[in-house]
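So the structure is just underneath, and the comments pick up after that.
Here, each number is a calculation from the coordinates, and none is a lab measurement. The shown structure was predicted, so the numbers you read here are calculated from the model rather than taken from an experiment. So basically every Cβ, Gly included, is an ideal-geometry build from the backbone, and we count neighbours across all protein chains shown.
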Amino acid sequence: MSDSVISGSGFHGARGDSVHAGDLFEALTKACAELTFPVSEDWRIVHQYTPQYTDADVPDVFDLGIFKVADGSQTADRALVLEVTHWKDEKNVSEEPNKSYKAIETLEEFSFLGSRTRVPDSTVKGLPQDTAFGDVIFGNRRYVRKWIPTQYELFLDFVSYPSYKYLDSEPTDPDTGIKQALLEAYEPFDDIVEFVTWLKDRLQNNSNNEIIDVVGRRLLERFEQFKQDDFPLSPLGLAEHRARHEYRDTDDYKSNMAFLDDQIASGGLPADRFGLKAAWNKIGAGNADVEQFDEEWEPLLRAVLNKAAEEIPEVEAGREIVDNAGSILPQIRDLCESDDIDGLAEYWDHPDETQRIAYRNALRALYQRPVDDFYEEPGVTEQNFSRKRFDDPVTRRILQQIADQVASNAGGSSTSEWVRTGQQLIERSVDYQAVNGTNSTPTNWALSHLIEESSLQFGGQVDTGGRWYSYIKDVPYDEFADRLITFRDAEDMWRSTFAQAEFSFEDDDSSVYIKSKPTKNEEGRRAREEGGKGWFGKLNLPVENGQIEPEYSDDEWWMWVDGDWSHRDNLERLVECGWRVYLDPSTLVEDLESR
C-alpha cells in the first residue's frame, strides 16, 4: 500500500514527564500490536496515524493504526484505529473532572472518522467500511467521570484495560507501577523504536512476572481475542456514525452550512475579523486603549469593560472618578502643585476601602510610572499595591514623588487640557483593572449586553445558563448492558452527562442553547470538544422493536466564534455536529429576536 494513503509519524520525543510516559505507553501498545498482527501475515502497524479525507482537510491524529494490507492494494482488508490513554497509575484516586475534555475530543474524532468510513461512499483513503475503533487505557478507571468509560465501552469496538487482571475487575483494583517501570526500563535507550524491539523480545520470552510483563500479556490476550473474533463492531457506534453521515443530508445541516458560507463570503473567517477577546487581552496587557479599535466595535468593547466593572467594586468606583474628572482632578492638581501631602493623603488613605483602592489607582495612573519606581518591596506589584497598608513615612514619600511628577507633567497646560489627559490616563487604568481583575469572559458579557439592549428580556424567553443532556442518553440499559465492563449498576451509572450553555432561549416546542467560543491557537481542539458536546445533544439513539432508530433533536445549538478561527474545516466540523455558527454576535442576537 502506498505511504500516501496510509501513513503516520514518529513518537513525540521527551517533552516533559507526562508526554514521555505517553510515548512509552504507546511503545508498549505498539509492541503488543506487532506481536499479534505480524508483518508475515500482511499486517502493518502505523504509529501516529493521520487519516486522509477526500472531503476535508482535518489533521486528526490517532496513536496507532493496525492494517491488514494485501500486496499492491490501496485499501486495507482489515483495520483497527486506536488511541492510547493513561490515567493515574495509583490505587487510591478521586474523580478528576478536568479530564473530560480529552474524552470528548476522542469520541468526536472517532465520530468524524466513522461517519466517513462506515458508509457506502467512504471519503477516507485506504480504510475499509468495517474499520474498528478502540482505546487502550492504562491506569485507574476511577480517575475520570463514570460516563467516560461507559461511553467508550458502549460506542467503541475495542476497549482494553491492561492494568486490570480481569475486564470486569472492580475499578478500584488496578495493578499499579507500570508508568514508573516503563520510565526506568527506558533509561538505557536513546531511541523508542529500539525500546519497542526490546519490549517485543521480552514479551515473547514470557519469562518474567514483573509489571511490564503482566500488563503486556493482558494486552496481548485482548488483541488476540479481538483478532480471533474477527473485529466485532459496536452496534451503537455503527448507528451513531451512520446517523452523523445522514445528518449531512438534512435541511437543517444544509441551511446552517449555507449560512456559514454566506458569512465567510461577506466578511472572511473569524481570524480576518475583529477579535473581541484579543482586543480585551491587549487592553489588559496595557498595549492598547478602547479608542484604538474599529468604531463599529468600540461601543461593544466599552460595554464589556463596563460589565467587568460591575463585578469589581473598586473598578466601578474608578469609573465614577472618570465620570467626575472635571471636579476631582483640578483638586488633585492643586494639591500636587501646592505640595499639600496631607491633602493627597486624604485620597490615598480614604476610610472606605473601595474608594481608597480607586483613588490610589487613579493617583498611580496620573503618576505615569511603574509602582516599583516609588516602592521597591518584594510582593508589592501593580496589581496589589492599592490594597497594601504602608507606614506613614513610606506613604508621605510615595505621595511626595506623585506630587512632584504630577506637578511637572501638568506644567504649562491649561486645567481643561490637563483634566482631559488625566481622565484618559485613569480610564486606561480602570480598563486594565477590569480586564485583569475578573475571571475573563468578555464574549459572554458581549452577548449579555446585546441581549439586554435588544427587545428580548432576561427572565422571559431568554435566561442565563441552561444545560442539555449529552453523552449516554436515550440508550436503553437492558439492550446494551452486556457491553459494559466497568460500571454495571444502573442507578449508579445510567445517567446522562450534561453540557452547559451560556444562555438559553425557550419557545413552545424547543430550546436554543447559546455559547460563545473565543480561541487562540487551539481551534482544532475547540472544534472537536464543542462539536462533541453539541452532536451528542443533537443525536438521540432510541431502540424500537430491537432496532436502533436515530433521531435528531428539535433543539438548536448556536455559537458565536471569536478569535483565531482561521481554518474553514474547523467551522464546518461544528456545523456537522449540529451547531449554527455565527461570526459576529449582533447577527446572533438579531436572529434570536426574530424567532
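Numbers for the structure displayed
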read-out: Region 208-221 - phi-based ³J(HN,Hα) in whole Hz, Karplus 6.51/-1.76/1.60, Gly and Pro as x; value: 10, 10, 7, 4, 4, 6, 4, 5, x, 5, 4, 5, 4, 5
read-out: Spin-label pair D392/K520, simplified geometry with 7 Å Cα→Cβ offset, distance in nm; value: 4.6 nm
read-out: Amide proton proximity set for E96, modelled H, under 5 Å, gap of 5+; value: V144, R145
read-out: Burial order of peptide ranges 35-45, 565-575 (average beta-carbon count within 10 Å, highest first); value: 565-575, 35-45
read-out: Estimated 222 nm signal from helices in the chain, with DSSP H stretches of n ≥ 4 weighted -39500 (n - 2.57), rounded to 500; value: -15000 deg cm²/dmol
read-out: Region 296-374 - percent relative contact order, Cα under 8 Å, separation 6 or more; value: 28 percent
read-out: Residue among S338, G126, W565 farthest towards the positive dipole end of the chain, charges placed on Cβ; value: G126
read-out: Gyration tensor (Cα) of region 63-129, equivalent ellipsoid semi-axes in angstrom; value: 32, 15, 7
read-out: Most to least packed among 403-412, 286-295 [average Cβ atoms within 10 Å]; value: 403-412, 286-295
read-out: From phi via Karplus (6.51, -1.76, 1.60), per-residue ³J(HN,Hα) for region 507-519 in Hz, x at Gly/Pro; value: 10, 5, 10, 7, 10, 10, 9, 10, 9, 10, 9, x, 8
read-out: Assigned charges on the beta-carbon of Lys, Arg, Asp, Glu; the chain dipole about Cα centre (debye); value: 1160 debye
read-out: Rel. contact order, % - alpha carbon contacts under 8 angstrom, at least six apart, the chain; value: 14 percent
read-out: Dipole of the chain, positive direction: furthest Cα of Q457, Y359, V144, with charges on the beta-carbon; value: V144
read-out: Most to least packed among 535-542, 252-259 [average Cβ atoms within 10 Å]; value: 535-542, 252-259
read-out: Projected-area mean, the chain, by convex hull of Cα positions, square nanometres; value: 34.0 nm²
read-out: 5 angstrom amide H check on F274, placed H, neighbours 5+ away; value: none
read-out: Table column - 3J(HN,Hα) (Hz), region 356-362, Karplus curve with 6.51, -1.76, 1.60, x for Gly and Pro; value: 4, 5, 5, 5, 4, 5, 5
read-out: Pairs of alpha carbons in region 177-224 whose separation is greater than 12 Å (percent); value: 64 percent
read-out: Distance violations [Cα-Cα > 28 Å] among K307/K517; K88/K165; K179/K473; value: K179/K473
read-out: Long-range amide H partners of D584 with built H, under 5 Å; value: none
read-out: Degrees between helix 298-310 axis and first principal axis of the chain (Cα, 0 to 90, nearest 10); value: 90 degrees
read-out: Region 420-475 shape via C-alpha gyration tensor axes, a/c threshold 1.5; value: oblate
